[in-house]
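*Asks:* Quick one: structure below, then a few questions.
The values are calculated or read from the model by the stated rules, or taken from the named source; none is laboratory data. Only a predicted model underlies this, so the values are computations on that prediction, with no experimental measurement involved. In this analysis, Cβ positions are derived from the backbone assuming ideal geometry, glycine residues included, and neighbour counts consider all displayed protein chains. Accessible surface areas use protein heavy atoms only, side chains included; no ligands, DNA or RNA. Shrake-Rupley method; radii C 1.70, N 1.55, O 1.52, S 1.80 Å.
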Amino acid sequence: MPNLQRPVALQLNNIHKNFGSLEVLKGVSLTAYDGDVISILGSSGSGKSTLLRCINLLENPSQGEVFLGNEALLLKPNKSGDLVAANQRQLEQFRSKMGFVFQNFNLWPHRTILQNIIEGPTQVLKIAKDQAISEAEVLLKRVGLLDKKDAYPENLSGGQRQRIAIARALAMKPQVLLFDEPTSALDPELVNEVLAVMKSLAEEGRTMLIVTHEMRFARDVSSQVVFLHEGRIEEIGTPEQVFDNPKSARVKDFMASHQ
Ligand code: ADP
Ligand code: MG
């Protein structure tokens, strides 16, 4: 159950998104309290990625509000009717407080692992390089890849790259971590090493939103599970409620076909 005494980490109010005449998000509201791990499930095309991307304006929502802690992201309408940042500096601050981990890692190919990790801290947070390097080394140790610090992304396996992407996100000391199918591009034997890192983050109380098809993992780590269907929350609850006792027939079918 959400503990109302914990502060709000991230709140989405009535998020809508249209791509032309296609209505992809139809009013999604969601609150993550500090330490919540929210898994977002749903069929392909249900709007999971779009929802995650609307949080930090990688997509511009058509309507709605985003709060980080109790600070509202300042939005204004543009000509095509979507909402864009009203204050670019605030948007950059928001983004720096949200670590985003994508399916395809998005590491800079021509930079070493260490350079990939210290770029944000030195350029955005203005942390001194020595300090950024020592913090990066702690993170690399944590994800078990300190020995790869001078390697380039192409010399790493997919699982290793994703662990680096997580370390890079952590280096920004984010308040919230957003994961969009972080293991979907991986060979099956590499999935668990990434899930293990994510589980350790959940256990230390990080606030996380995770789009995933890893059902066992979602059941294991989540405080809340959200099932999205055609741009709406079809069901939300604890893992026990959503996995073992779904109210919606659609969720039941989905669970049955994703055992
Ligand atoms: P999911 O992540 O749940 O698979 P998405 O959020 O990627 O779903 O996509 C939801 C719907 O929005 C899909 O029908 C997809 O084709 C459409 N969509 C996503 N991004 C765009 C875009 N940039 N332009 C037009 N349609 C898009
Ligand atoms: Mg997606």
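*Asks:* Per-residue ellipticity at 222 nm for the chain, helices alone: DSSP H runs ≥ 4 residues times -39500 (n - 2.57), over residue total, nearest 500 deg cm²/dmol?
*Replies:* The helix contribution divided over the chain gives -10000 deg cm²/dmol.
*Asks:* So for Tyr33, Tyr152, what's the accessible-area order with a 1.4 Å probe, most first?
*Replies:* Tyr152, Tyr33
*Asks:* Pairs Lys79/Lys247; Lys97/Lys129; Lys48/Lys199; Lys26/Lys79: which are spaced more than 29 Å apart, C-alpha to C-alpha?
*Replies:* Lys79/Lys247
*Asks:* Next up: Mind running the shape call on segment 1-80? Use the C-alpha gyration tensor, a ≥ b ≥ c as the square roots of the eigenvalues: rounded below 1.5 for a/c, prolate if a/b tops b/c, oblate otherwise.
*Replies:* The shape class here is oblate.
*Asks:* Please report how far the C-alpha centroid of segment 20-59 lies from that of segment 178-192, rounded to the nearest whole angstrom.
*Replies:* 19 Å
*Asks:* So for each of 11-23, 154-166 I average, over its residues, the number of other beta carbons within 10 Å; can you give me the resulting order with the highest mean first?
*Replies:* For the peptides 11-23, 154-166, the packing ranking is 154-166, 11-23.
*Asks:* Considering the alpha-carbon set of the chain alone, what are its Rg and its Dmax in angstrom?
*Replies:* In order Rg, Dmax, the Cα atoms of the chain give 18.3, 55 Å.
*Asks:* So, with a 1.4 angstrom probe, what is the percent of accessible area on the chain that is carbon and sulfur?
*Replies:* Carbon and sulfur atoms account for 46 percent of the accessible area of the chain.
*Asks:* At Val84 and Val124, where each label point lies 7 Å from the Cα along Cα→Cβ, what is the point-to-point distance in nanometres?
*Replies:* Rounded to a tenth, the inter-label distance reads 2.0 nm.
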